[in-house]
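Working notes for the structure below.
The values are calculated or read from the model by the stated rules, or taken from the named source; none is laboratory data. Please read these numbers as outputs of a predicted model, since none were measured by experiment. Cβ placement follows ideal geometry from the backbone for every residue including glycine, while neighbour counts extend to all protein chains displayed.
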Amino acid sequence: MATHKRINPFSKTNNDTGFGTNVNDYGGRFINRDGSFNLRKEGIPLMSRYDIYHIMLNMPRWKFIVIIFIFYFIANLFFTFIYWIVGADQLQGMIANAPWAKFKELFFFSTETFTTVGYGRVNPVGDGANIVASIEAVSGFLSFAIATGLIYGRFAKPKSYLIFSDHALISPYQDKTALMFRFASYKENHALTDVEIKLTIGLQLRENGGDPMYKFYSLELERSRVDNLPMNWTVVHPIDDKSPLLGFSHEDMKVADVEVYVLVRGFDDVFSTIVQQRTSYVFDEIVFDRKFVPMYRESEDGKTTILELHKLNQHINAPKPTT
């Protein structure tokens, strides 16, 4: 049976993470790789827990586009059925005779009314059709106003535009080892200034033979701040006499259910505001005895520097340091 490793007593604890210490109350990692919290809330009605506007602003772009088109199709299909129930004879200018052809004409009339285009060949003449068309026109106007606000909100929302390496490495560092990972800003002509990073590690420990509990420690870094981030940044936590990882093997990390929580903050000149991004590395995303390959080079004409983002995750074998 695996035993819990003792933690370096000189390590600096962090009791302000916002996470609890009871092992049995948590499932999986604390932070997902995309920076979201691995958490689901229950206990109050669904509509009170979710904010549709917030969800639409933060969902992936392809989902947002798909939902917009699905809503547009379903809304027009709904009004098409209403026109069908009211009767196609209340619409003037229809040329179709077959039922399916009439349904298609009603659908396209609905799209013209919903978007307030109104080509004019088909127009309502009965009271029922006029009432439905007026309701649809204002519904379409409001829907497009909401969609425009969502699109603007998504474009105007400040983002960090950072990508992190898939793995953290235990690599040779000076005369010892260090925990390393790297990240970079991937947008062209986009660089954060006054960038700060904070690392916290969570471990599942058993103290004095008692029940296991989570303990959190702040990881001291070789450098925790840079003035500018035009290129990549390799974050280094030296595993020295102050590190809670001193003497840890991969098996020790697995037993302790290690998770390294990363928080990056920086000032975005474009939006004139502070942006941030989170991520984490769990024990099976930490690789021993590897080192990153360089990911920038000089251009052929020698006039600029090339940042090779495709090399962000590339690492090679590294010899173990002799002690």
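Observations on the structure shown:
- Long-range neighbours under 6 Å by Cβ, at least six apart or interchain, first residue free of Cβ contacts under 8 Å to residues at least 12 places away in the same chain and surrounded by 12 or more Cβ atoms within 10 Å (Cβ to Cβ) within segment 59-83, second part of a helix (DSSP H, G or I) and β-branched (Val, Ile, Thr): none
- Residue match in segment 276-293 (condition: of a type in the set (A, V, I, L, M), crowded, with 16+ Cβ neighbours inside 10 Å and assigned to a loop (DSSP other than H, G, I, E, B)): no
- Options Ile65, Ile55, Ile44; residue that is assigned to a helix (DSSP H, G or I), of a type outside the set (S, T, N, Q) and either modelled with pLDDT under 90 or not assigned by TED's automatic domain parsing to the domain that holds Asn123 (or both): Ile55
- Check on Glu188, modelled with pLDDT of 95 or more and surrounded by fewer than 21 Cβ atoms within 10 Å (Cβ to Cβ): no
- Residue check for Glu285: farther than 23 Å from Val258 by Cα and either under 21 Å from the mean Cα position of the chain (by Cα) or at pLDDT 90 or above (or both): no
- In segment 16-23 there is no residue that is surrounded by fewer than 10 Cβ atoms within 10 Å (Cβ to Cβ), in the same structural domain as Leu199 (by TED's automatic domain parsing) and on the phi < 0 side of the Ramachandran plot.
- Breaking point among (1) of a type in the set (Val, Ile, Thr); (2) on the phi < 0 side of the Ramachandran plot; (3) surrounded by fewer than 13 Cβ atoms within 10 Å (Cβ to Cβ), for Thr193: (3)
- Residue within segment 206-222 that is out of contact with any His (no Cβ under 8 Å at 6 or more places or on another chain), closer than 24 Å to Arg33 by Cβ and not aromatic (Phe, Trp, Tyr) present: yes
- Qualifying residues in segment 161-176 (those that are part of a strand (DSSP E or B) and in contact with a Phe, Trp or Tyr (Cβ under 9 Å, 6 or more places away or on another chain)) - the one surrounded by the fewest Cβ atoms within 10 Å (Cβ to Cβ): Ile163
Conditions tested, residue by residue: (1) in a strand (DSSP E or B); (2) surrounded by fewer than 20 Cβ atoms within 10 Å (Cβ to Cβ).
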| residue | (1), (2) |
| --- | --- |
| Met213 | yes, yes |
| Glu220 | no, yes |
| Asn228 | yes, yes |
| Met253 | no, no |
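- Flag for Thr116 being modelled with pLDDT under 90, under 30 Å from Ile52 (Cα atoms) and not aliphatic (A, V, I, L, M): yes
- Criterion violated by Asp301 - all others in (1) in contact with a helix residue (DSSP H, G or I) (Cβ under 6 Å, 6 or more places away or on another chain); (2) without any contact (Cβ under 8 Å) to a residue 12 or more places away in the chain satisfied: (1)
- Thr273 touching a strand residue (DSSP E or B) at 6+ places or on another chain (Cβ under 8 Å), more than 19 Å from Gly35 (Cβ to Cβ) and in contact (Cβ under 8 Å) with a residue 40 or more places away in the chain: no
- Scanning segment 114-138 for residues that are buried (at least 17 other Cβ atoms within 10 Å of the Cβ), in contact (Cβ under 8 Å) with a residue 24 or more places away in the chain and within 16 Å of Ile85 (Cβ to Cβ) returns Pro124, Ala129, Val132, Glu136.
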